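Reading through the structure tokens given below for one structure.
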Amino acid sequence: MPRPAQGGSGDEDVTVPPGRMRRRFEPWLRRGLHLYWRLSRGMTLGVRAVVLDGEGCVFLVRHGYVSGWHLPGGGVETGETCLAALQRELREEGRIVPTEKPELHGVFFNRHVSRRDHVAVYVVRRFIRDGEVVPNREIAACGFFDVARLPADTTAGTRRRIAEVLGAAPANEDWS
């Protein structure tokens, strides 16, 4: 169970139960989105953040369109820098605003998504939260979790990046 997100007053975990229909059509939706991105972008580049709160907890997001718990982040748009995309995604998914420049942890090849997908992972240790996360179609749930007790359905890539950042595993160029 996620610990309530820290920040301003009234911050609560945001949870929307996952639907059976989403799980049933998720593989098709994922393939369709990646086909669109492949045709429109050639190569895809994403950003993710390992957001650590100083109390041994990491911020995770559960999306409405894909199963499991993930590091917050998303795609880098044309004409956008990785840091600008990271700041945008952190604000959208967690109302998180870094108060110092995020540290680049590494760039990873996400071959299980496509042969063209790369993810830049940053570490955020100092931040503020500027409001509540309101459930929507993209964000089904979010919160801070003790790194020793991550949700059972935390994705393998997410677990590996957290372990690398904490020094419990060597860095690997592949996402999963």
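A short reminder: the numbers here are calculations on the coordinates, not readings from a lab. Remember, it's a predicted structure, so these values are computed and weren't measured experimentally. For neighbour counting, all protein chains shown are included, and Cβ atoms are generated from backbone atoms with ideal geometry for every residue, glycine included.
Where the alpha-carbon atoms of the range 14-165 are placed on the principal axes, they occupy 40, 35, 28 Å, in descending order.
Sparse packing (at most 10 other Cβ atoms within 10 Å of the Cβ) combined with a DSSP loop state is found for the following GluC sites (Glu not before Pro) in the range 138-173: Glu173. The H on the amide N of Phe108, modeled in the peptide plane, is under 5 Å from the matching H of Val119, Ala120, Val121, each at least 5 residues off or on a different chain. Taking the DSSP bridge list for the range 14-165 and keeping only pairs wholly inside it, about 75 percent are antiparallel. Sites listed here are trypsin sites (Lys or Arg not before Pro) in the range 69-136 whose DSSP assignment is loop and whose Cβ has at most 15 other Cβ atoms within 10 Å: Arg111, Arg115, Arg125, Arg126.
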